[in-house]
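Okay, structure first, notes after.
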Amino acid sequence: MTTETAHEVGRARRRKEDARLITGQTNWTDNITLPGLVYIAFARSPHAHARITSVDLSEAKAAPGVLAAFSGADLAAEQGGLPCAWPVTPDIVMPNHPPMAVDTVRYAGEIVAAVVARDRYAAADAISLIDASYEPLEPVLDMEAALAEGSVKVHEAGNKSFTWPFGNGDIEAAFRDAPVVLERTYRQQRLIPCAMEPRAVVCAPVGDEYTMWSATQIPHVLRVMLALVTGIPEHNLRVIAPDVGGGFGSKLQVTAEEVLALLLARRLGRPVKWTESRSEGNMAVHHGRDQIQRIRIAAEADGRLRGLDVDLLADMGAYLMLVTPGVPLLGAFMYNAIYKMDAYRFSCTGVFTTKTPTDAYRGAGRPEATYAIEHIMDDLAAHLGMDPLELREKNWIRHEEFPFTTISGLTYDSGNYEAATAAARSLFHYDDLRTEQAERNAAGATVRLGIGVSTFTEMCGLAPSRILGSLAYAAGGWEHASIRMLPTGKVEVVTGSSAHGQGHETAWSQIVADELGVPFEDIRVLHGDTQVSPKGMDTYGSRSLVVGGTALVVACGKVREKARIIAAGMLEVAPEDLEWDAGRWAVRGDPDQGKTIGEIAFAAFAAHALPEGVEPSLDSDATYDPDNFSFPHGTHLCAVEVDTETGKVKIRSYVAVDDVGVVVNPLIVEGQVHGGIAQGIAQALYEEAAYDSSGNLETATLADYLLPSAADLPSFTTARTTTPSTGNPLGVKGVGEAGTIASTPAVVNAIIDALRPFGVADVPMPCTPERVWRAIAEASAEGVAR
Amino acid sequence: MKISVNVDGVRYDDDVEPRLLLVHYLRDQAGRVGTPIGCDTTNCGACTVLMNGVSVKSCAVLAVQADGAEITTIQGLANGELHPLQRAFHEEHALQCGYCTPGMIIAAADLLRDNPHPTEEEVRDGLEGNLCRCTGYQNIVRAVLKAAGSAGVTA
C-alpha cells in the first residue's frame with residue numbers, strides 16, 4: 001500500500017483552522033466562562049507623569065456587585081516587578097516596573113487601581129467611583145530634550161537607559177576623502193500594533209494551583225515569568241493560549257494585567273476575567289517603532305559603497321518591558337542589508353519618556369533598519385543620477401558569492417537578489433513606468449508618478465541560543481516538538497510554537513504528512529497549553545517554521561527509526577534490510593514485504609512481540625536549536641500617483657517578489673505577504689500614535705488611529721523566487737514579517753521619487769495628504785521648484 | 001426591560017438593563033460568543049450581525065432595540081451546509097487569525113444582498129467599515145467576488 005501524501009509540502013492546502021473560525025466556534029479568551037467567574041476592571045492614570053497623592057476606593061467598594069478594590073499600595077508587597085529579559089549592556093538602567101503604580105505614574109494609561117465585580121458593567125461603574133488624586137509632574141515627551149542636561153527625570157537614575165555600540169571595519173577611513181557622503185535623519189513614528197482581538201485574561205485558582213488563559217503569543221515564556229515575578233512555583237502554574245486573534249508582537253509580552261489577574265485570583269480565591277476595551281488597549285498595549293535615525297553613507301563616485309554610520313535614539317517609553325531594549329538592536333545587523341561595504345558603525349541609545357512603553361512590533365528593529373538603508377540608497381542614487389536598481393546591483397552580494405559574511409558579522413547562507421529583482425522588474429513593467437514618469441514630468445503634470453524600490457533582506461528564525469546569549473538575552477532560541485503515534489495510526493503533533501493566525505495546524509500537518517507518510521487529515525496539531533505542550537519558545541520573529549518546523553522534522557526522524565526496529569521484528573529481517581518509502585518500512589529488494597507506520601504503531605501499542613529491549617512506543621521528542629539565522633529577501637516595487645495640488649497619494653501598482661526559500665504552503669505564504677505589505681503601507685501612509693503636549697494619547701480609539709480598510713489599499717501582485725536556505729533540512733526561511741519590512745520604504749521612496757522634481761528630499765511618515773502637500777509647498781517656497 | 005429576540009432561529013425572552021449593548025446580550029446572555037468585540041467606537045465591525053436581514057454593528061445597538069427582531073450571527077448563517085461566503089473565505093484563504101471574520105462575512109452577506117454582482121471597487125468600498133489586520137484584504141475581496149457568482153449567496 002502506498003499513500004498519496006508524498007508531496008504535501010508545497011501544496012496550497014486550505015487551512016484546518018478555518019472550520020471553527022468561519023462558523024463562530026472559535027475559543028477566544030473572552031469567550032471563556034467558569035462557575036463563579038468575576039470581572040476585573042482597571043482604573044488608569046489620566047496623567048502622563050504625576051505623583052499619586054491618594055487613591056480612595058471606599059465608594060467603589062460600596063457599589064452594588066463589587067467584591068473588592070485594590071490600589072497599588074494594597075498590592076505593593078506582593079506584586080513584584082514586570083520583567084525585562086534583555087539587559088543589553090552591563091550598565092543598563094532598568095527601573096522597577098510595578099504592575100500597578102504605587103507612588104508615581106509615568107504614562108497616561110498606567111494602572112492605578114483595580115475593581116473586581118460580578119459583571120463587566122458593575123466593574124466599569126465602580127471604576128468611575130474611584131477617587132484618585134495626583135500631583136502632576138512635567139511630562140517628558142521628546143527624546144532629544146529628555147537627554148539634555150536638566151531635563152525632568154522619568155526615573156531617578158535618569159532618562160538614558162543604555163548606549164549600545166557596534167561596528168566593524170575602519171569607519172574613519174571609509175568616510176575620509178570619500179567622493180560622496182550623504183547624511184540624513186529619518187523618523188520612525190510611534191505605532192500601535194492593533195491586533196484585532198483585544199487582550200483578555202482569565203485566571204482560575206484551584207487550591208494553590210492556577211490556570212491562566214491569556215490572549216498571548218507566548219504561553220511558555222509567560223508561565224516562567226509569572227513564576228519568577230509572583231513567586232508562585234512554576235509547576236503550580238498552567239498557561240493556556242486558546243485561539244488568539246493576532247499579535248504582531250503586541251502579545252509577545254508579560255503584562256501588568258496578566259500578573260494582576262493572577263494576584264487577584266489568589267486574593268479572592270475565585271476565577272477572574274479581564275478583557276480590555278480598544279481605547280484602553282491603545283494606551284496600555286506596548287507600542288512599536290519610535291526612533292530617530294541619523295544615518296551617514298559614504299560612497300565612491302561610481303556608487304560603490306564605502307561605509308555606513310548609524311546613530312539611533314530609540315524611545316523605550318516609560319519602562320523596559322520584556323524585550324524593549326533589544327528591539328532596536330535587532331536592526332543593528334540589518335542596516336548593511338544586502339550590500340557590501342568596507343566599514344560599518346552603529347550606536348543606539350535607549351531613552352525613557354513618559355509614554356506607553358515600546359516593544360516588539362511586526363519586524364522588530366528590521367523594518368526600521370530596512371527603511372533607513374533603502375531610503376538612503378534611493379537618495380544616493382538620485383544624488384549620483386543613477387537608476388536606483390542599478391545602484392543596488394552595483395553593491396549587492398552576487399548570488400555566486402554565498403555564503404557571505406557581511407560587515408555586521410552575519411553569514412548569509414543563500415540568496416539570489418538578481419533573480420528576485422529581474423522578476424519584479426518584469427512584472428512591474430519598470431521601464432514603461434519610467435518612461436511614463438518622464439513624460440509626466442516633462443509635461444508638468446499635476447498628478448506625478450513615482451517609483452519606489454526596496455530590495456530587502458531580514459534575519460529570521462530567531463534564534464541560535466549562543467548568539468542570544470552573546471547579546472545578553474535571558475533565554476534561548478530553540479523550539480520543541482513531540483510526535484505521538486496513536487494506536488489507530490493517527491498522529492498527534494505537539495509544537496512549542498504557539499500560533500495566533502499563522503496556520504501552524506495546517507503547515508505542520510503538511511510537514512509531518514511528508515515525514516511520516518500519513519494522510520494530512522490523520523494529523524492533529526496541538527499547541528498553546530503548557531500542560532499539553534510543556535516545552536516551547538513560542539511564536540515571534542518569523543521563527544516558527546524555521547526553528548519549530550525543523551524540530552518536527554527531527555522528531556519525525558526519531559519516530560521512523562523506532563518504527564524501523566519494530567518493523568524489522570515484525571518482518572523477521574534485520575533493520576538494515578529495510579528501506580523507507582512513503583510511510584512504510586519495506587524489505588529491500590522485496591517491496592511487497594513491509595509494514596506501514598500505522599501497522600507499526602499498533603504493534604507498538606499491543607507490544608505483544610516487540611524485539612528484546614525495545615520500548616512499546618514510537619513517540620518522539622526533539623528540541624532544535626538553530627546554528628544560524630535564515631535570510632529571506634525580495635524585491636518590492638511600488639508605483640504611486642501623487643496629486644501635487646492635494647497631496648493625495650494613490651498606490652497604482654505594487655509588485656512583491658519574495659524569496660522565502662522552500663514554501664510549505666503557498667496559500668499561507670501569499671497571505672502573510674499580503675498582510676505584511678498592508679501593515680507596512682499603513683506605516684508609510686496612515687498610522688501614527690500621536691501625543692498632545694501634556695502627554696495624552698490622541699489616538700486612543702480606532703476613530704483616531706487609522707488602520708487602513710479595504711477601500712484604502714490596492715491589490716498586490718506577488719510572486720516568488722526560491723533559493724532554499726541551507727541552514728535547515730526543510731530549506732525554509734520564514735515569511736511572517738517580510739512584507740512589513742519591505743513595503744514601508746518602497747512606498748515612501750515612490751512618493752519622494754514623484755516629488756524630487758519639486759525639490760522634495762523627504763516626507764515624514766505617515767505621508768498624509770497634508771504632509772505631502774506641505775513638503776511640496778515648502779520645497780517650492782525655497783525656490784527649488786523646476 | 002423585557003425583550004423577546006429571535007437569535008439564530010431560537011426565541012429568547014429576557015429581562016435586560018436598558019443600557020445593555022446588543023453584542024453583550026448576544027455574548028453574555030444568549031451565549032452566542034461567535035460574534036466578537038474588536039473596539040469600542042464602532043470602527044472595526046468585528047461584531048457585525050444581521051438584524052431583520054440588514055447588517056448592524058451590534059456594539060452600536062442596544063439589546064432593547066432588538067426587541068422583536070430577528071438576529072442572525074455567524075453561528076446561524078450556515079443552513080445545514082456552509083454559506084457560500086463561508087466556503088469562499090475558506091477556499092480563498094480570506095482569514096488568518098479569524099477575529100474579524102464573523103463580522104466580515106456578515107457584512108459581505110449584506111453587501112451581496114444589496115448588490116449581487118459587485119466590482120472589486122464596490123466590494124472594497126462596501127467593506128470599509130470592517131477592519132482586518134492580517135490579510136491586507138486582497139483574499140477577502142477575492143472571496144466575496146467568488147461567492148457573488150455562486151448560488152444561494154443571498155439566501
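The values are calculated or read from the model by the stated rules, or taken from the named source; none is laboratory data. Model, not experiment: these values are computed from the prediction. Cβ atoms come from the backbone with ideal geometry, glycine included; neighbour counts cover every protein chain shown.
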ask   = Out of all the residues in the range A:60-80, which are touching a helix residue (DSSP H, G or I) at 6+ places or on another chain (Cβ under 8 Å), surrounded by fewer than 16 Cβ atoms within 10 Å (Cβ to Cβ) and away from every other protein chain (no Cβ under 14 Å)?
value = A:Glu78
inquiry  = For a quick check of your reading of the model, give me the residue pairs whose first member lies in the range A:709-722 and is facing chain B (nearest Cβ under 8 Å) and among the polar types (S, T, N, Q), whose second is crowded, with 17+ Cβ neighbours inside 10 Å and outside any loop (DSSP other than H, G, I, E, B), with beta-carbon atoms closer than 7 Å and at least 6 apart or on different chains.
reply    = A:Ser715/B:Gln138
Residue that is buried (at least 22 other Cβ atoms within 10 Å of the Cβ) and either in a helix (DSSP H, G or I) or in the same structural domain as A:Arg106 (by TED's automatic domain parsing) (or both), where the choices are A:Gly680, A:Gly727, A:Gly734 = A:Gly680
Flag for A:Arg774 being modelled with pLDDT of 95 or more, outside the structural domain of A:Gly415 (by TED's automatic domain parsing) and not β-branched (Val, Ile, Thr) = yes
Of all residues in the range A:242-291 being touching a Leu at 6+ places or on another chain (Cβ under 8 Å) and either basic (Lys, Arg) or without any contact (Cβ under 8 Å) to a residue 24 or more places away in the chain (or both), the one that is farthest from the other protein chains (Cβ to nearest Cβ) = A:Arg270
remark   = Over the range A:80-125, the set of residues in contact with a Lys or Arg (Cβ under 8 Å, 6 or more places away or on another chain) and among the small types (Gly, Ala, Ser) is A:Ala108, A:Gly109
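For the range A:120-220, which fully contained helices (runs of 4 or more DSSP H) count at least 2 residues that are buried (at least 23 other Cβ atoms within 10 Å of the Cβ)?
A:120-127
The rows are residues; the columns are (1) at pLDDT below 95; (2) closer than 24 Å to A:Val323 by Cα; (3) not polar (S, T, N, Q).
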position: A:Leu462; (1), (2), (3): yes, yes, yes
position: A:Ser470; (1), (2), (3): yes, yes, no
position: A:Ser482; (1), (2), (3): no, no, no
position: A:Met485; (1), (2), (3): no, no, yes
position: A:Lys490; (1), (2), (3): no, no, yes
position: A:Val494; (1), (2), (3): no, no, yes
position: A:Ser498; (1), (2), (3): yes, yes, no
position: A:Gly503; (1), (2), (3): no, no, yes
position: A:Gln510; (1), (2), (3): no, no, no
request  = Could you pull out every one of the helices (runs of 4 or more DSSP H) wholly within the range B:28-134 that has 1 or more residues that are within 12 Å of chain A (Cβ to nearest Cβ) and among the acidic types (Asp, Glu)?
outcome  = B:84-91, B:120-126
task = Scan the range A:588-609 residue by residue and report those that are without any contact (Cβ under 8 Å) to a residue 40 or more places away in the chain, buried (at least 19 other Cβ atoms within 10 Å of the Cβ) and touching an Asp or Glu at 6+ places or on another chain (Cβ under 9 Å).
result = A:Gly594
task = Of the numbered conditions (1) more than 24 Å from A:Asn665 (Cα to Cα); (2) in contact (Cβ under 8 Å) with a residue 60 or more places away in the chain, B:Ala109 fails exactly one; give the number of that condition.
result = (2)
remark   = Taking the range A:659-672 and keeping only residues that are away from chain B (no Cβ under 14 Å) and in contact with a strand residue (DSSP E or B) (Cβ under 6 Å, 6 or more places away or on another chain), one is left with A:Asp659, A:Gly661, A:Val662
remark   = Scanning the range A:476-492 for residues that are in contact with a Leu (Cβ under 9 Å, 6 or more places away or on another chain) and surrounded by fewer than 17 Cβ atoms within 10 Å (Cβ to Cβ) gives A:Gly476, A:Glu492
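Would you check if there is a residue in the range A:2-12 being at the interface with chain B (Cβ under 10 Å from one of its Cβ atoms) and either under 26 Å from the mean Cα position of the chain (by Cα) or not charged (D, E, K, R) (or both)?
Yes, that holds for at least one residue.
Take the range A:18-40 and flag every residue that is away from chain B (no Cβ under 13 Å) and part of a strand (DSSP E or B).
A:Val38, A:Ile40
A:Leu471: surrounded by fewer than 20 Cβ atoms within 10 Å (Cβ to Cβ) and in contact (Cβ under 8 Å) with a residue 12 or more places away in the chain, yes or no?
So A:Leu471 passes the test.
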task = Considering only the range B:102-132, state which residues are under 21 Å from A:Pro193 (Cβ atoms) and touching a Pro at 6+ places or on another chain (Cβ under 9 Å).
result = B:Gly103, B:Leu131
